[in-house]
Amino acid sequence: MKNNKIGLVLEGGGMRGAYTSGVLDAFMDENIKFPYVIGVSAGANNGANFVAEQRERNKKVFVDYVGHKNYSGFKHLIRDNSYFNMEFLFNTLPNELVPFDYETFLNSPTIFKVCVTDCETGHPVYFEKSQSNGDGKAFMSKVLRASSSLPIISPPVEIKDKLYFDGGITDSIPLDKSIEDGNKFNVVILTRNEGYRKEEQTLGLYSKHILKKYPKILHAIEIRHIKYNITLEKVKNLEKEGFVYVFRPIGEIVVDRLEKNIDKLNSLYEQGYREAMDQMVDFKRWLENIVDS
């Protein structure tokens, strides 16, 4: 990528991240790289594998291993207060079953940022891989885990004496952060169909009880839909102006955040790959046009 003012912005969405996995694999097959990548939750995990240049790893993590007994389920929620088995996802998988290439990841010249939410302030915080001081495993087990820790179905993660939840609570599509960091142009991968708008989330008494010690998080959840929809409008406007290129699911999404059906997830992965390849000529033309901008 000759233009060093272009960012890749990756939305989260839980298991809908299988779509992003497909799109990123298409990028790798076309040898498309970015100088700057920022992601949230599932988007951050997809992004880490992309920066590590591990072509097959996203599909293995988001599709192939979903049926494993230790991947997720209510038994883990009861036992460990987390629907997703975080120890399995951020230790066993990357360090044993589907090894993560920490060396390539850490040595990559790509700026890689992960969005999390500060439990005390209710504001987004962005960790960059250069802050890991060469400890890729800590970045995996702390930062990437925190960005995927949804309130109520996961406990917060402690990083340097502070607690953090999923970054999607406060910055689901971190386009503004990428622009703030100097990226005039951005490629945005969304995990919702065009026209989607987030509705207000109503928390029940039990959820409010669980989160009563984190009042700022409660407030962030209450206004999340407002911030999300404002960002979608910004994406739409910048797309029209040529400053943003968007990959979003064209076919109807039938996968939810906690999906465990491997066939559905595999279909979504293949959809992401196919739809990205179908747009590749137009996308490369857009890239060529911004090279000297």
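The values are calculated or read from the model by the stated rules, or taken from the named source; none is laboratory data. Please read these numbers as outputs of a predicted model, since none were measured by experiment. So basically every Cβ, Gly included, is an ideal-geometry build from the backbone, and we count neighbours across all protein chains shown. The protein model used for the area step is the full one, side chains on, heavy atoms only, and it has no ligands, DNA or RNA in it. Shrake-Rupley method; radii C 1.70, N 1.55, O 1.52, S 1.80 Å.
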Check GLU259: other-chain or 5+ apart residues with amide H under 5 Å from its amide H, H built from backbone geometry?
MET15
Simple spin-label estimate for SER207/GLN131, 7 Å along Cα→Cβ, in nm, reads 2.8
Could you state the number of Å between the C-alpha centres of segment 228-249 and segment 95-118?
27
Please list, by residue number, every one of the trypsin sites (Lys or Arg not before Pro) in segment 189-233 that is coil in DSSP and has at most 13 other beta-carbon atoms within 10 Å.
ARG197, LYS212, LYS213
Taking Cα extents along the principal axes in Å straight from the coordinates, which label in (i) 57, 43, 39; (ii) 52, 40, 40; (iii) 55, 47, 38 is the correct one?
(ii)
Low-density loop GluC sites (Glu not before Pro), segment 237-289, at most 13 other Cβ within 10 Å, DSSP non-H/G/I/E/B, are GLU252
Taking only protein heavy atoms into account and a 1.4 Å probe, give the accessible area per residue of the chain in Å².
46
Relative to the compact globular guide of 2.2 N^0.38 Å, what is the alpha carbon radius of gyration of segment 123-281, as a ratio?
1.15
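Report, to the nearest whole %, how much of the accessible area of the chain belongs to carbon and sulfur atoms, 1.4 Å probe, protein only.
The value for the chain is 49 percent carbon and sulfur by accessible area.
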Taking the full set of protein chains and a 1.4 angstrom probe, give the accessible area of HIS68 in square angstrom, rounded to the nearest 10.
60
Size descriptor, Kirkwood hydrodynamic radius, that averages inverse alpha-carbon separations across segment 229-293, Å:
13.9
Heads up, I need the accessible area for SER130: 1.4 angstrom probe, whole protein in place, Å², nearest 10.
90
Summed residue charge, Cβ within 11 Å of ASP135's Cβ, Lys/Arg positive, Asp/Glu negative:
+3
Report the relative contact order of the chain, percent, no decimals, based on alpha-carbon pairs under 8 angstrom and at least 6 residues apart.
27
